[in-house]
Every structure is written in structure tokens, then in C-alpha cells.
Amino acid sequence: MSQDTHNHSHGHDHSHSVGHELPFWRKYIFSTDHKVIGLQYGITAVFFLLFGFGLMLLMRWQLAFPKQAIPLIGKLFTEDGVLSPELYNQFGAMHGTIMVFLGVVPLGVGAFGNYLLPLQVGAQDMAFPKLNLLSYWVYFIGGVIMLASFFSPNGAAASGWTSYPPLSVVADNGQTFWLIGMVFLITSSLLGSVNTIVTAIQLRVKGLSFMRWPVLVWAQVVTAFLLLLAFPPLEAAGVLQLMDRLAGTSFFLPSGLVVSGEALKVSGGGNPILWQHLFWFLAHPEVYVLILPAVGIVGEIIAVNTKKPLYGYKTLIYSIIFLGFMSFIVWAHHMFMTGMGVTMSTFFQATTMIISVPSIIILTTYLLTLWGSSIRYTVPMLFAIAFLPMFAIGGLTGLPLGLTASDIHLHDTYYVIGHFHYVVAPGSLFALMAGVYHWYPKITGRFMSDTLGKIHFWLSVVAINGVFMPMFFMGMAGVSRRLYDQTIYAHGAAAQPLNVFMSYCAWALAVAQLPFLYNMATSWKWGKKIESNNPWGGTTLEWATASPPPHENFTTPVEVFRGPYEYSSNKKPLPQFVQEA
Amino acid sequence: MSVIIPYIDKPNPVTGVTNAKLGIWLFLASEVMLFGALFSTLIILRSSATDWPAHGSDVLNVPLATLNTVFLITSSVTIVLSWASLKMKNLMKFKLHMGLTVLLSFGFLIIKYFEYSSKFHHEHYPSTSTFYAVYFTMTGLHGLHVIGGIITNLYLMGPGSKMWKTEPERFTGRIECAGLYWHFVDLVWIFLFPALYLL
Ligand code: HEM
Ligand SMILES: [Cu+2]
């Protein structure tokens, strides 16, 4: 502590006070404690995930049984109970937006990053606690705006999560809500990422050099850089689209556009492809924002439950960094069909093939860690192990999409939907669930139920593959994405039985989440109490303190003596924070 | 026990910067990407445009913009002087130079106001052409950054300066960050000026 104390001799002036003296609203609503903010992010994100999932469950009815009234609740949405094409489009656009920007990212970055990163670097809070508070509330407002759009005249945005112009520019008011909501979400991410990077770099405790960072800290820092540098172009693009919609400019509107049989009265001369460039310049790095925190979580859980150092830790870290860099120069692989010319497409094909190498290296280091270890099959470990093949399927199916020759056939089909859902759903989301089970004792001092956890796991693995595996076949059969009713086409009608099967699996998946939600809610009070502060035998700094941690995280000074995952010859953990020969 | 966050006023000996300074550099990096995207938009739209003024000076008021450039560059100097005054422990001089900075930035906005209203007077709106769309959007966003800077600087000059008594080093650090931000706003204008008015 000696080195620390003199550095913050002014600390008492601007520190944000003692936990128990605060009124309720300062302690739980407008708290500056990173742990409270992390939980706020987590709870809000889970709510949005369930909401977005619910939208999809309704859409799956229309997909399985086109133009039939939704039983029981259909009348809430339309007069005849059939999900109308307009609503279908709104639900689809909002499902994507909510899942990505309001669900998975806030859970992976906002919740896990906020809660664990300061603990894992041995800090008492984030570097800028008030900014942290602000990030959460800006995110919250963005979410409220998105939800409010459902109640605006003509409903929510309906142009997909990608919001391609010119359709999105001539669309109804919901799109304006979408754009304003996005500006809030982007601002929140920017504030959050500055905070993350500064905390990780500046507030490291003594002895915690970069190459001793746990893999989750590395993943969060690289993620933060992606958010920091990739989101502003989308913010710019969002402002331009707002101008197009509100001020009548033509940034994304070409000349001679005809809408519903009438020439659009705008100056024209704009470029719709420009939006796609700006959008994908964010949205490709964004997919790594979705996956990297998950990769970090899985790494932590595998190390603890194999009681082995992560195989090739340095290679793993360099791969994550390299992945981060490369993710900025692959974006146009989403745009091969825009007629970009051979030179451009060759370049983006090449970079796409290159970026899959570090992904494979990451997977390989985890697999080699498992090899020859005696695995402790806790519930989080089950999810972490399942993550590996699921992420592999998702990643490998991306390769044919990255090559123009095959992408011409697969682009805009269900195959693409299958690809990215494998990486995001049984990939990222499984990892995030693993994280919830793993750090629940840290947060609450109690375990989640093992039995319920196993039920949740096995039902989910089976159901989720039932939802997404058939999508590859449907896509290869030529069924396009974003179709309201594919049975109007012969090839779509032939594939329709798959849709029915997928819908049943989706509803089963929903049921499978009930034990999880019940488990999360009730274990808080009634879960089995932990016997020690470090129930899993973790080696990283978050286990150096009480579970749950006190307001200031560490009551005694901590110091780091070794790398993040070290074990003695008889597999006894050698925590980073314990000084020992 | 209360929460203690180190390196608020003194630099971290390993990285050599305070938290705020690292933070502001990261923030500026994201701002570079924001304006980078807008400048790319300008280049892409212009290179395919059918009706773009041969020179910005044909439609825009170069003398006024030149005056504005002078205003902003001078304000960048005065904000450095205000920081230097704090280094020399002179709060009054700091306030004087900060006040000048704010005055010059108001000058910038007033001139911008005249420029805009003369455009509106001639019925030139963002919807008129792609050139005007770019012009209004980019200078408008830059103007918002100027307004943000004015608010920050006024705060630091007024109520914010109380910190000088309790934590002088931390306060000086804040002024340095405000200065870095202001230089950035200035720099964006230095790119905007030729890109829109001259070329
Ligand atoms: C590892 C190697 C990967 C490769 C080679 C790859 C390649 C591609 C390609 C080429 C596309 C565009 C397909 C098309 O529209 O025709 C695509 C779409 C997509 N990928 Fe990946 N991908 C990879 C990993 C990931 C990961 C890790 C994620 C997310 C966690 C992800 C999420 C997405 C999403 C969301 C889309 C579709 C976006 C849309 O059009 O709505 N991908 N991928
Ligand atoms: Cu991509």
C-alpha cells in the first residue's frame, strides 16, 4: 500500500463516501459503485434479452403457421390475431437491435466488465465512477426510447437492425426513434469504453503487469478499443440519416428515386452504399464486441475448472489483440453483392480469411487446455465447454460467406442467420450464462442450484441446436432471410416443415430458460451458502476479497506476485495474490 | 472506509499520465473517428456529385471564415496561456485568459450565426443540394463541439475553479484536458475551412 498511499493523499476529498451512510436511492439507483452499476446493467440487459426473445417467439408463430391467428395473445397485437406484415417487420428489426445493442453487449461489457474488471485489476472502483453512473443511465434512456418507439404512430422501426437506406429514410417515424435511441446507446458505449481502458491501465495494483492480466481483462480492453474506435462512424452515419429524415437532405438518397409510384422530391445525389460502409465499419467490429467478453469468460472458467494454466496464454492474448486490429479491415465482406469490383472484394476476402486464423488459435488454446486435464464438471464449466463447438460451428460457417464465389449464393439467406446465431446465441450467450453461474457466489455469497442448472443446460443445448442447425439447410435451399411467409414460393414451401420444427424448438428453448430465471431469482436468498470466499479455487484477484465484496472491494492491500493461472505440481492453485515460494 | 482512486492528481509512475489525461486522449481518438467518417463522407459524395460548386468560395463567405479561423487559433493560444498561468500559480491570470478564450469562441459562434442566416436568407438549406447538406451538417456538428467547449470552459472558470483551493494539481490537470479538447475543436476547423471554403 505504501506506494499507493502517497499517490492519493487527496483521496479523501473526492472519494464517493461510505456505503452504509447513503440513502437508498444513492446506494441502489444512482450509485457510483461499479458493482451496483454492473448489476444494474446485468438486470436491465436480461430484461431486454427476454423482451427481444419474446418478439422472436411471436414471429416464429407466423413463420411456422403463416397467417394463422396467434393463440391466446394474438388479439393483443392485431384485430384478427394474425401477426401483420408491418408488425412482423417491426418485430424483426427490433429483435436484432435489442438483442445486439441492448442485450448481449450491455451484459458482456456493461455487466461483466463493470463488475469484474476493477476487481480483477485490484482497483477499488472504476477510474471515473460518476462517468460510469452516467453511462448506465444514458444506456437506459436509449433503451426506453427504443421501447417507446413501439407506441409511436405507425410503430417501431421496421428496416432491420442494419437500417439500410433508402428504405429506412422513407420509412415511418419509428426509424427516427431508432436513430435517436442509437445515438444514446453509442454515447453510453463511448463513455464506458474510455472508463474501462483507463481503469485497466491506470489502476492496476503493484505487480500486475500486462502479461499477468487475466484473459477476461484483456478481452474487455480490446473490446473497449473496438467500441471506442468503431462506434463513432456509426454515430456519424446515424446523424446523417437523421438529417435525411428530418432536414430533407440526401446523403443516402440517390437521384431519381421513386416511392409508391411518385418521384421523391429531394435534391438527390446521395449514396445508399455509403451507409452500408459506415454501418459495417462499426458492425463488423461489433461482432467481436459480442464475442470477445464471452471468450474471456470461457477462458477464466476453463482455467479454474481444469486446474491448469491456460495453454499458450501469450499466444491467446496476441491472438485477441490481432483479432481486434483485423476486425477493422474486413467490413466489406458484408457487401460483396453491392458490385464493389474485383480488387476490393479480393482484398476483403483475404482479410476475412486471415481473421479466422486468430479465432481458431483461441479455440485451439482452450481445447489444448482441456486435453489431459481432470475436468470438474460444474454447471458453468458445462456451458463453457459447450461454447467451444458452438463457436466453432459459427466461425467455420463464416468461411464460405467470406469467399465471394460461395457468398453469392448464400448472402441474404437463412444460412447467414444460422451462421451468426451460432456465434451469438449458443456462443456468446452460453458463455454469458456460464459467467452468471460462475460469479454468482462472488456476487451474492451463495451458489445457484446445481440440479436446476443442469436441467437448464441440457434442455438449452438440445433446443438451441434444433433452432439454428436447420437454418443452414434452409439457406442452402435458397430461402431468403426476412421473409414474412416463405410458403408463397415453391422452394420455400418445400422447406416449410423445417420452420415448424424450428419454432417448436424455439418455444422449448424459452421453457428451458425458466429454471434459469427461477434459479437466479431464488438462490439470491435461499441458495446454498459458500463456505469460503473462494469456492472454486480461483487464482485471479476477484477471489482475493470477501464474497460479496465490500464497498471498497479490498479491505487489505493486495499485490500480485505471478501470472493469472498458476498451479503447483500437485494442482494446488497458486493465486496471483498469495506470496509464497 | 471510503473508496480511493489513485492517480487523480499525480501521474501514474508507470504510464506517466493521470487518469483524466489518458481518458481525454482516448475520447479524442474516438472524436477523430467521428470526424474521419464525416470527412470520408464528404470525399465520397463529392467525387460522385454532379452539381458541386467549383470552389467553395463561389458560394461561401471566405473572409468571414478566415476571421473565424483567426478567432479559433487565437483562442487555442489563450487557453494554453490560461493553463500556463495556473502553472505559475496565478488564478486571476488564469481567469483572464480563460475569459478571453470564451469570448473568442462566442465570436466564432456569432459569425457562424451570420453565415447561416445569410444562407437561409438566400433560401439555401441543407435540403438544397448535397454540398449544402454536407456544409450544414459538418459545420453544425463542429458548432456543437464549440458550444460544448464553451460550457466546459465557463464552468471551469466559474464554479469549477473552487477546486483550485483544495486540489490545485487536479484542477490544473482539468484545464490541461479542456485545452486538449479545445485544440481538437480548433484542428477540426482547420480541416473544415479548406475542405469546404477553399477547395
Ligand atoms: C470467425 C470467422 C468469421 C467469419 C469468416 C465471418 C464471416 C461473415 C461473413 C462473410 C458475413 C456476411 C455474410 C453475408 O451477408 O452474405 C457474416 C455475417 C455475420 N456474422 Fe460473421 N464471421 C465470422 C465470425 C463471426 C462472429 C464471431 C460473429 C459474432 C459474434 C459474427 C456475426 C455475424 C453477423 C451478426 C452477421 C450478419 C449480419 C447481417 O447481415 O445482419 N460472425 N459473417
Ligand atoms: Cu463481418
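Looking across region B:156-182 at every residue that is more than 14 Å from chain A (Cβ to nearest Cβ) and crowded, with 18+ Cβ neighbours inside 10 Å, the one that is farthest from B:VAL62 (Cα to Cα) is identified as B:SER161. Of note, A:GLN496 satisfies the criterion of being polar (S, T, N, Q), away from chain B (no Cβ under 14 Å) and free of Cβ contacts under 8 Å to residues at least 24 places away in the same chain. When you look at B:GLY99, is it under 21 Å from B:LYS162 (Cα atoms) and surrounded by fewer than 17 Cβ atoms within 10 Å (Cβ to Cβ), yes or no? Yes, satisfied. Under the condition of being open to solvent by 50 Å² or more (accessible area, probe 1.4 Å) and in a helix (DSSP H, G or I), the residues counted in region A:339-349 number 5.
Does any residue of region A:416-431 turn out to be modelled with pLDDT of 95 or more, within 16 Å of ligand 2 (Cβ to nearest atom) and more than 24 Å from A:PRO358 (Cβ to Cβ)? Yes. Counting only helices (runs of 4 or more DSSP H) wholly contained in region A:100-181, the ones carrying 1 or more residues that are of a type in the set (Lys, Arg) occupy A:129-148. For region B:19-58, name all the residues that are surrounded by 15 or more Cβ atoms within 10 Å (Cβ to Cβ), at the interface with another protein chain (Cβ under 8 Å from one of its Cβ atoms) and part of a loop (DSSP other than H, G, I, E, B). Within region B:19-58, B:ALA49 is the sole residue that qualifies. Can you confirm whether region A:213-221 contains a residue that is at the interface with chain B (Cβ under 10 Å from one of its Cβ atoms) and β-branched (Val, Ile, Thr)? Checking region A:213-221: not a single residue is at the interface with chain B (Cβ under 10 Å from one of its Cβ atoms) and β-branched (Val, Ile, Thr). Selection over region A:355-398 of residues that are open to solvent by less than 40 Å² (accessible area, probe 1.4 Å), within 16 Å of ligand 2 (Cβ to nearest atom) and assigned to a helix (DSSP H, G or I) gives a count of 7.
Quick one: in region A:418-442, which of the residues that are open to solvent by 10 Å² or more (accessible area, probe 1.4 Å), farther than 19 Å from A:TYR518 by Cα and touching a residue at least 60 places away in the same chain (Cβ under 8 Å) is nearest to the chain's Cα centre (by Cα)? Filtering region A:418-442 for residues that are open to solvent by 10 Å² or more (accessible area, probe 1.4 Å), farther than 19 Å from A:TYR518 by Cα and touching a residue at least 60 places away in the same chain (Cβ under 8 Å), the one nearest to the chain's Cα centre (by Cα) comes out as A:VAL424.
Of the residues A:MET337, A:MET353, the single one that is away from chain B (no Cβ under 14 Å), within 16 Å of ligand 1 (Cβ to nearest atom) and at pLDDT below 95 is A:MET337. Among the residues examined, B:PRO11 qualifies as in contact with a helix residue (DSSP H, G or I) (Cβ under 8 Å, 6 or more places away or on another chain), in a loop (DSSP other than H, G, I, E, B), open to solvent by 30 Å² or more (accessible area, probe 1.4 Å) and over 29 Å from A:PHE251 (Cα atoms). Annotation: of all residues in region A:164-183 being over 21 Å from the mean Cα position of the chain (by Cα) and within 16 Å of ligand 1 (Cβ to nearest atom), the one that is most open to solvent (accessible area, probe 1.4 Å) is A:LEU167. Among the residues making up region A:465-517, those that are open to solvent by less than 10 Å² (accessible area, probe 1.4 Å) and farther than 26 Å from A:SER406 by Cα are A:SER503, A:ALA506, A:ALA512.
Looking across region A:321-338 at every residue that is surrounded by 15 or more Cβ atoms within 10 Å (Cβ to Cβ) and without any contact (Cβ under 8 Å) to a residue 40 or more places away in the chain, the one that is farthest from ligand 2 (Cβ to nearest atom) is identified as A:PHE322. Checked against (1) more than 16 Å from A:MET99 (Cβ to Cβ); (2) open to solvent by 10 Å² or more (accessible area, probe 1.4 Å); (3) under 25 Å from the mean Cα position of the chain (by Cα), A:TRP161 passes all but a single condition, namely (1). For region A:506-523, does any single residue satisfy the condition of being hydroxyl-bearing (Ser, Thr, Tyr) and touching a Lys or Arg at 6+ places or on another chain (Cβ under 8 Å)? Within region A:506-523, one or more residues are hydroxyl-bearing (Ser, Thr, Tyr) and touching a Lys or Arg at 6+ places or on another chain (Cβ under 8 Å). Among the residues of region A:350-372, those that are over 14 Å from A:LEU396 (Cβ atoms) and of a type in the set (S, T, N, Q) comprise A:THR351, A:THR365, A:THR369.
Taking region A:229-276 as the range and being at the interface with another protein chain (Cβ under 8 Å from one of its Cβ atoms), open to solvent by 20 Å² or more (accessible area, probe 1.4 Å) and part of a helix (DSSP H, G or I) as the test, the residues that pass are A:LEU229, A:GLU235, A:VAL239, A:MET243. Of everything listed in (1) modelled with pLDDT of 95 or more; (2) within 21 Å of A:LEU234 (Cβ to Cβ); (3) more than 10 Å from ligand 1 (Cβ to nearest atom), the single unmet condition for A:TYR366 is (2).
Each row is one residue, and each column tells you yes or no for (1) in contact (Cβ under 8 Å) with a residue 24 or more places away in the chain; (2) out of contact with any Phe, Trp or Tyr (no Cβ under 8 Å at 6 or more places or on another chain); (3) within 16 Å of ligand 2 (Cβ to nearest atom).
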site	(1), (2), (3)
A:PHE231	yes, yes, yes
A:ALA237	yes, no, no
A:ARG245	yes, yes, no
A:PHE252	yes, no, no
A:LEU257	yes, yes, no
A:GLY261	no, yes, no
A:PRO272	yes, no, no
A:GLN276	yes, no, yes
A:LEU292	yes, yes, yes
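Can you work out which of the residues in region A:408-429 that are of a type in the set (Val, Ile, Thr) and out of contact with any helix residue (DSSP H, G or I) (no Cβ under 6 Å at 6 or more places or on another chain) is nearest to ligand 1 (Cβ to nearest atom)?
That would be A:VAL416.
Does region B:145-155 contain at least one residue that is of a type in the set (Phe, Trp, Tyr) and either buried (at least 16 other Cβ atoms within 10 Å of the Cβ) or touching a strand residue (DSSP E or B) at 6+ places or on another chain (Cβ under 9 Å) (or both)? No, there is no match, as no residue in region B:145-155 is of a type in the set (Phe, Trp, Tyr) and either buried (at least 16 other Cβ atoms within 10 Å of the Cβ) or touching a strand residue (DSSP E or B) at 6+ places or on another chain (Cβ under 9 Å) (or both).
Of all residues in region A:25-77 being among the charged types (D, E, K, R), assigned to a helix (DSSP H, G or I) and within 14 Å of chain B (Cβ to nearest Cβ), which is least open to solvent (accessible area, probe 1.4 Å)?
Filtering region A:25-77 down to residues among the charged types (D, E, K, R) leaves A:26-27, A:33, A:35, A:60, A:67, A:75.
Retained after the next criterion (residues that are assigned to a helix (DSSP H, G or I)): A:26-27, A:35, A:60, A:75.
In the following step, the residues that additionally are within 14 Å of chain B (Cβ to nearest Cβ) were identified as A:26-27, A:35.
Details: A:ARG26: 75, A:LYS27: 70, A:LYS35: 14 Å².
The qualifying residue least open to solvent (accessible area, probe 1.4 Å) is A:LYS35.
The selection criterion, being at pLDDT below 95 and β-branched (Val, Ile, Thr), holds for A:THR32.
Scanning region A:304-324 for residues that are more than 22 Å from the chain's Cα centre (by Cα), in a helix (DSSP H, G or I) and not aromatic (Phe, Trp, Tyr) returns A:VAL304, A:ASN305, A:THR306, A:LYS314, A:THR315.
The values are calculated or read from the model by the stated rules, or taken from the named source; none is laboratory data. Because the structure is predicted, anything quoted here is derived from the model rather than measured. Every residue, glycine among them, receives a Cβ derived from its backbone with ideal geometry; neighbour counts consider all protein chains shown. With ligands, DNA and RNA removed, areas are computed over all heavy atoms of the protein, side chains included. Shrake-Rupley method; radii C 1.70, N 1.55, O 1.52, S 1.80 Å.
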